[in-house]
Amino acid sequence: MKWLPLLFLATVSPTLAQDIVPSKKTIPNQFINPPGKRFSLFAGDPERVQKANEINFQDFKGEVIITPPAISITPPTIDQTNAPTTLKVTFRVKNTSAKKGYTLSFPDSQRYDIAISPEKNNPVYIWSDDKLFEQKVGASFLNPNETLSWTANIPIEKIAKNATPGAYEVKVILANYPEINATAKLTITP
């Protein structure tokens with residue numbers, strides 16, 4: 001019974017509010033200069049942050065799947081209604097690490113690029129040449145043994161503009177990480 005008046009006083013009495021503008025004068029020193037070797041957003045060790053964000057490129061495996069593996073650069077006739085009109089390129093990036101996840105950061109909305117070239121020559125087609133990418137920083141987190149996948153459908157007439165019959169290489173790279181890439185063989189027929 002003796003606690004009842006105190007409880008009543010605590011619930012009825014107004015609490016004094018105070019506005020605080022964050023600055024070095026209002027934030028306790030222990031948050032600005034933390035003791036010991038621990039990470040703080042205010043006094044972070046840049047080398048430690050850099051090491052935590054390092055990427056071991058050997059933990060990644062890239063794979064390219066193209067459909068169909070051979071295309072004709074002559075436009076299909078009326079009799080060839082089943083002839084493909086696009087080259088489907090699927091790019092997969094797998095984190096093969098069993099323990100470490102990685103954050104992949106990108107300076108804009110582009111995540112990959114595709115180049116089609118005769119073996120050991122300049123490209124006849126680059127996927128990003130006629131694209132505009134939103135200037136928005138992005139990131140993808142890849143857990144251990146997880147895979148990211150993207151697919152592009154390239155009109156064959158865009159490839160045919162500069163291509164001649166022969167053996168070609170389709171190379172796909174991960175945007176901002178050219179070390180993560182993969183290639184596939186493509187045959188172009190007349």
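Readers should treat all values here as calculations from the given coordinates under stated rules, not as data from a laboratory. Predicted model, so just to flag it, every value in this text is computed and none were measured. Here Cβ is always computed from backbone atoms with ideal geometry, including for glycine, and neighbour counts include all displayed protein chains.
The table that follows gives values for the structure above.
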| item | result |
| --- | --- |
| Cα-centre dipole for the stretch 59-189 with unit charges at Cβ (Lys and Arg positive, Asp and Glu negative), debye to 20 | 320 |
| Cut-off 13 Å between beta-carbons: net charge of the residues surrounding S105, Lys and Arg +1, Asp and Glu -1 | 0 |
| Ellipsoid semi-axes in whole angstrom, largest first, where each is sqrt(5λ) of the Cα gyration tensor of the stretch 112-190 | 26, 15, 11 |
| Whole-number percent relative contact order across the stretch 59-189, with pairs defined as alpha carbons under 8 Å at least 6 apart | 37 |
| Residues E63, E54, sorted so that the one with the fewest Cβ neighbours within 10 Å comes first | E54, E63 |
| Per residue convex hull volume, Cα atoms of the stretch 59-189, in Å³ | 110 |
